[in-house]
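The values are calculated or read from the model by the stated rules, or taken from the named source; none is laboratory data. Note that the coordinates shown come from a computational prediction; the quantities given were computed from them, not determined experimentally. With ideal geometry, Cβ positions are generated from the backbone for all residues, glycine too; neighbour counts draw on all protein chains shown.
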Amino acid sequence: MKLLLVHPSPLMYSEIYLRLEPLGVERVAASALAAGHDVRMVDLQVFEHRDLWNQFEQFHPDAVGFSLNYLANVPEVIDLAKAIKRSRPDCFVFVGGHSGSFIADELLEHGAGSIDCVMRGEGELSTPMLLEAVGDRQLSKVPGAVTPAGSGPPPPLLPDLDRFRPARHLARQRHKYFIGVLDPCASAEFTRGCPWDCSFCSAWTFYGRSYRQSSPEAVAEDLASIQEPNVFIVDDVAFIHPEHGFAIGQALEKRNVKKSYYLETRTDVLCRNREVFEYWRKLGLLYMFLGIEAIDEEGLKAHRKRSHVDVNLKALEVARELGFTVAINLIADPSWDVRRFEIVREWALSIPEIVHLTVATPYPGTELWHTESRRLTTLDYRLFDIQHAVLPTRLPLENFYEELVKTQGVLNRKHLGIAALRQTAGIAARLLARGQTNFVRMLWKFNKVYNAQRQYQEHFKPVQYKLRPPKRIGTLPSRAELYVHDPRAANA
């Protein structure tokens, strides 16, 4: 079967800071290739819709699969699915991905017949089974499948993360993937899942709080095959188990693999496992992202981070001592007033780290979705991008965006524009000499992308597709009901 896999367009945040390799799509592609299918891929982060249609006409696929990791991409995916069905009614259209797993039924409803199936959960095992069942009356019995005729059994967890190495050769224009100064930058996965249960996050509900590791040998082999000099480690929390990190590093040293790395981790993990991060600093780990989320105990408790302010501050000290460049995230709460924004600005300007602000957003799959949805001020998918306020703001909405953008602008002036160019002139020159322009372009994009009036006016655009609130607002379902994957399957 001819399969065309599609990754949607970038979100507002990624228009500036990063554009990551679609690793999940590449892994699903690898599983389909292993099953004997002819697979192509179009990443709309780096291509235009016209490129998708050119590929569609040239390749003439039997099936088109959309990756839907972010709610804000729902309208784009629905419209493309409808257009494909109008062009080729016999083409099988399906949707998968993280966010798609939590809203399968409503995607079918929005698609109005243009989406044949939504696949919940991980795609490596289920996608080949789905393609095998296309045209069969048993389609609705495929694990993870949600169809107009019914739903299959729960989706399977991939028991062996080593099984499918990403089909990186399908990603054209790889030079356009980057994160900060790591330009170009590939992505790699060491582990999958998260054992914590933060109230704002859906990683743990997706995986059923399971946690799996790739073998050090498979990771090292994958990294050795990557052509790019830089790698972003996509793990939700890197190096939870330090022995795994050490084993990967030793396997890389044996192969003489030399890269520059960027990863995400928790502050408590960094403090507890300092030695493995120190070891990886010698291997080329230069940058890390820490989700601090709040600068006081009250905020941390509200997000159920299971960490403390003193741990966060200690982690920043550890990162500085080890020589890392650190970016941290704070969650801007809609209840913030002008004074609260001022306090955040003062705190963020007092530290050398890069500080990003995202807006508290209840997503399907999170506990906040069930406890906060009655207060939603919009059901427009496009605004669920952690850059828009979808809950009532204490300040008038327009003023909230003015303070938000003002705060983001003050913080970014430390690290973007002329200030950043002065600090990174040598890096920028070397990248430009190699034809890499992603990082340099990033330095000047902030004012074009972040605009208080733009964000405010986007609340008044006509809405064609509306998010469906949970059936039981204000009441938390059981953990089993929240999970996409049965956690027992991870331990089987």
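Just one of the numbered conditions (1) assigned to a helix (DSSP H, G or I); (2) under 19 Å from the mean Cα position of the chain (by Cα) is not true of Arg192; which one?
(1)
Determine which single condition Ile179 fails, assuming it passes every other condition in (1) β-branched (Val, Ile, Thr); (2) touching a Lys or Arg at 6+ places or on another chain (Cβ under 9 Å); (3) closer than 19 Å to Glu481 by Cβ.
(3)
Against the condition part of a loop (DSSP other than H, G, I, E, B) and either among the aromatic types (Phe, Trp, Tyr) or at pLDDT 90 or above (or both), how does Arg394 come out, does it pass?
Working: part of a loop (DSSP other than H, G, I, E, B): yes; either among the aromatic types (Phe, Trp, Tyr) or at pLDDT 90 or above (or both): yes.
Answer is yes for this residue.
Among the residues in the range 49-64, are any within 16 Å of the chain's Cα centre (by Cα) and within 26 Å of Pro184 (Cα to Cα)? Don't jump to the end; show me each part of the working.
Of the residues in the range 49-64, the ones within 16 Å of the chain's Cα centre (by Cα) are none.
Within the range 49-64, none of the residues are within 16 Å of the chain's Cα centre (by Cα) and within 26 Å of Pro184 (Cα to Cα).
Taking the range 8-50 as the search range and keeping residues that are out of contact with any His (no Cβ under 6 Å at 6 or more places or on another chain) and assigned to a strand (DSSP E or B), which one is farthest from Asp236 (Cα to Cα)?
The residue in question is Asp38.
Rundown of residues vs (1) closer than 30 Å to Ala224 by Cα; (2) in contact with a Phe, Trp or Tyr (Cβ under 8 Å, 6 or more places away or on another chain); (3) in the same structural domain as Ala238 (by TED's automatic domain parsing); (4) at pLDDT below 95, yes/no style:
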site: Leu252; (1), (2), (3), (4): yes, no, yes, no
site: Lys259; (1), (2), (3), (4): yes, no, yes, no
site: Val269; (1), (2), (3), (4): yes, yes, yes, no
site: Phe277; (1), (2), (3), (4): yes, yes, yes, no
site: Leu290; (1), (2), (3), (4): yes, no, yes, yes
site: Ile295; (1), (2), (3), (4): no, yes, yes, yes
site: Gly299; (1), (2), (3), (4): no, no, yes, yes
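Being surrounded by fewer than 17 Cβ atoms within 10 Å (Cβ to Cβ) and closer than 21 Å to Asn273 by Cα: is that true of Pro195 here?
In short, yes.
Please verify whether Val118 is in the same structural domain as Leu18 (by TED's automatic domain parsing) and either surrounded by fewer than 24 Cβ atoms within 10 Å (Cβ to Cβ) or closer than 25 Å to Lys176 by Cβ (or both), treating the condition exactly as stated. Write out each step before concluding.
Values: in the same structural domain as Leu18 (by TED's automatic domain parsing): yes; either surrounded by fewer than 24 Cβ atoms within 10 Å (Cβ to Cβ) or closer than 25 Å to Lys176 by Cβ (or both): no.
For Val118, the condition - in the same structural domain as Leu18 (by TED's automatic domain parsing) and either surrounded by fewer than 24 Cβ atoms within 10 Å (Cβ to Cβ) or closer than 25 Å to Lys176 by Cβ (or both) - is not met.
Does Gly111 satisfy the condition of being surrounded by 17 or more Cβ atoms within 10 Å (Cβ to Cβ), under 22 Å from Pro469 (Cα atoms) and among the small types (Gly, Ala, Ser)?
For Gly111, the condition - surrounded by 17 or more Cβ atoms within 10 Å (Cβ to Cβ), under 22 Å from Pro469 (Cα atoms) and among the small types (Gly, Ala, Ser) - is met.
Can you pull out the residues in the range 357-371 that are crowded, with 20+ Cβ neighbours inside 10 Å and not aliphatic (A, V, I, L, M)?
Residues satisfying the conditions are Thr361, Pro362, Tyr363, Pro364, Gly365, Thr366, Glu367, Trp369, His370.
Being at positive phi and among the polar types (S, T, N, Q) is the filter here; which residues of the range 196-241 pass it?
The answer is none; no residue qualifies.
Inside the range 315-364, can you point out the residues that are farther than 30 Å from Thr378 by Cα, part of a loop (DSSP other than H, G, I, E, B) and not small (Gly, Ala, Ser)?
Residues satisfying the conditions are Phe324, Ile351, Pro352, Glu353.
Of the residues Val64, Val42, Val28, only one is more than 21 Å from Ser101 (Cβ to Cβ), modelled with pLDDT of 95 or more and in contact with a helix residue (DSSP H, G or I) (Cβ under 6 Å, 6 or more places away or on another chain); which?
From the options Val64, Val42, Val28, the qualifying one is Val42.
Return the total of residues in the range 453-492 being of a type in the set (Lys, Arg) and at pLDDT 95 or above.
The total comes to 2.
What single numbered condition from (1) closer than 21 Å to Val6 by Cβ; (2) surrounded by 19 or more Cβ atoms within 10 Å (Cβ to Cβ) fails to hold for Arg172?
So the condition that Arg172 fails would be (2).
Could you figure out which of (1) under 18 Å from His459 (Cα atoms); (2) part of a loop (DSSP other than H, G, I, E, B) isn't true of Ser373?
Answer for Ser373: the failing condition is (2).
Residue-wise test of (1) surrounded by fewer than 21 Cβ atoms within 10 Å (Cβ to Cβ); (2) without any contact (Cβ under 8 Å) to a residue 60 or more places away in the chain.
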position: Glu243; (1), (2): yes, yes
position: Lys258; (1), (2): yes, yes
position: Leu263; (1), (2): no, yes
position: Arg272; (1), (2): yes, yes
position: Leu285; (1), (2): no, yes
position: His308; (1), (2): yes, yes
position: Val311; (1), (2): yes, yes
position: Ala319; (1), (2): no, yes
position: Val338; (1), (2): yes, no
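For the range 376-385, what are the residues that are more than 15 Å from Phe400 (Cβ to Cβ) and not in a strand (DSSP E or B)?
Answer for the range 376-385, where residues must be more than 15 Å from Phe400 (Cβ to Cβ) and not in a strand (DSSP E or B): Leu376, Leu379, Tyr381, Arg382, Phe384, Asp385.
Residues that are in contact (Cβ under 8 Å) with a residue 40 or more places away in the chain and among the acidic types (Asp, Glu): find the helices (runs of 4 or more DSSP H) completely inside the range 51-113 holding 2 or more of those. Steps first, answer last, please.
Working: elements: 74-87, 98-102, 104-111.
Filter on the range 51-113 gives 104-111.
Go through the range 416-434 and count every residue that is at pLDDT below 75, outside any helix (DSSP H, G or I) and surrounded by fewer than 20 Cβ atoms within 10 Å (Cβ to Cβ).
Of the residues in the range 416-434, 1 are at pLDDT below 75, outside any helix (DSSP H, G or I) and surrounded by fewer than 20 Cβ atoms within 10 Å (Cβ to Cβ).
Quick check on my filter: what residues within the range 63-102 are in contact with a strand residue (DSSP E or B) (Cβ under 8 Å, 6 or more places away or on another chain), of a type outside the set (A, V, I, L, M, F, W, C) and surrounded by fewer than 22 Cβ atoms within 10 Å (Cβ to Cβ)?
Correct list: Lys85 only.
Quick one: which helices (runs of 4 or more DSSP H) sit completely within the range 207-277 and have at least 1 residues that are of a type in the set (Phe, Trp, Tyr)?
242-255
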